[in-house]
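Worksheet: the structure to be examined is printed underneath.
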Amino acid sequence: MSVHFGPVVMSDAGATLRPVFDPVLRLFSVHLMKGCEPAGIHGLPGFDHPDDAVEDIDPFLAEHGVRSLSDQEFAQLCGGLIEAKGGPDFQHLLMAMRENGVSAAEVTQPAVHLFTVDGSSYGPYVALTTTPWWSPLDAFLFTRETVRQIVEDLHRDGCGLTAQWNGDDLTFTWDATYMDDPGTETISPDQHGRYAIGGMWQWDEWDGALQPTAEQEAFALGAREYDSAPSTGQLGNLATHYQRGRDEARRVLLMDINQAD
């Protein structure tokens, strides 16, 4: 399993806080983004300890017209700074959370991930993890567009597992060649049109290890840069695939895909 604190996304304030650790200077800082544009840095040249980076952050936010952090956001930013440094400190944090019964869900936000079916070259499928701690059989949230691609790839396999749309619902059916006991599972979308899919095969993080195509790489890059300034300048005819990945990540996060970059 893995946990990721990630940036603190303050959707209601149109702002994102990125925890940063400079491995050369060994200093911490917090970068403020508004939309996709840098808006300020808290800590120049930086702080020696992550606690120092968050203790005085509210005046910095107020100076830039951003509200104060909630308790969860404060805890997430602290964890994100320690994660940015990595190493033993981060492992000690995770150990302390487990020993004290602190759920990662209390201090993190859902994160975009790129998945594939374990052992395949399919994807990358853009997903929103429903819990910070996840395993290969967990269910993740996908848009209908991504689910259509998953179903198309599934039918290409001919593995004894099929899927059929019935309006907005999707029913998976498998025979004894796929699982010991034949069965079905129907998945309905949530209120935002996203589908929680998992448990019928093992997911794996898509990292391009199985000789991805240039189109897959461009799509993945776009998804990973969904909240950064777009880097389409040198992509040429792959720019369309990059933009598709970028848009899909924003859709699953319920962001406006037409917002200015």
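Side notes on the structure shown:
- Kirkwood radius for the range 112-252, taken over all pairs of different Cα atoms as the inverse mean of 1/r, rounds to 15.8 Å.
- Here the contact order of the range 8-106, divided by its residue count and restricted to Cα pairs under 8 Å and six or more residues apart, works out to 21 percent.
- For the chain, the dipole from Cβ point charges (+1 on Lys and Arg, -1 on Asp and Glu) about the Cα centre works out to 500 debye, to the nearest 20.
- Between 0 and 90°, nearest 10: helix 87-99 axis offset from the chain longest Cα axis: 70 degrees
- Two-site FRET efficiency, I257 against M95, from Cβ-Cβ distance with R₀ of 41 Å, rounded to 0.05: 0.55
- Charge sum, other residues only, whose C-beta stays under 15 Å from S135's C-beta, Lys/Arg counted +1 and Asp/Glu -1: -4
- Computed over the chain, relative contact order equals 16 percent, with contacts defined as Cα pairs under 8 Å that lie 6+ residues apart.
- Neighbourhood charge, 13 Å Cβ-Cβ cut-off, centred on D58 and excluding it, Lys, Arg +1 and Asp, Glu -1: -4
- Normalised by residue count, the chain yields a Cα convex hull volume of 162 Å³ per residue.
- Cα gyration tensor, the range 8-106 - rounded (a/c under 1.5), prolate or oblate: oblate
- For the chain, built as a Gaussian network whose Cα springs stay under 10 Å, the top-fluctuating residue of P38, P23, P212: P23
- GNM flexibility winner over the chain from A75, A62, A163 (Cα, springs under 10 Å): A62
- In degrees, nearest ten, helix 214-224 long axis to first principal axis of the chain (Cα): 50 degrees
- Among S70, S188, S228: highest mean-square fluctuation, GNM of the chain, C-alpha pairs under 10 Å: S70
- Across the range 112-252, Cα pairs under 8 Å and at least six residues apart give a relative contact order of 27 percent.
- Given 13 as the ceiling on other Cβ atoms within 10 Å, longest exposed-site-free region of the chain for trypsin sites (Lys or Arg not before Pro) in DSSP loops: 68-261
- Modelled FRET efficiency - R0 35 Å, L137 with N237, Cβ distances, 0.05 increments: 0.40
- Local charge for R144 was computed over the other residues whose Cβ lies under 13 Å away, with Lys and Arg +1 and Asp and Glu -1, and equals -3.
Every number here is computed from the coordinates shown, using simple stated rules; none is lab data. Keep in mind it's a predicted model, so treat the numbers as computed, not measured. Because the Cβ atoms are built from the backbone with ideal geometry, glycine has one as well, and the counts that use them run over all protein chains shown.
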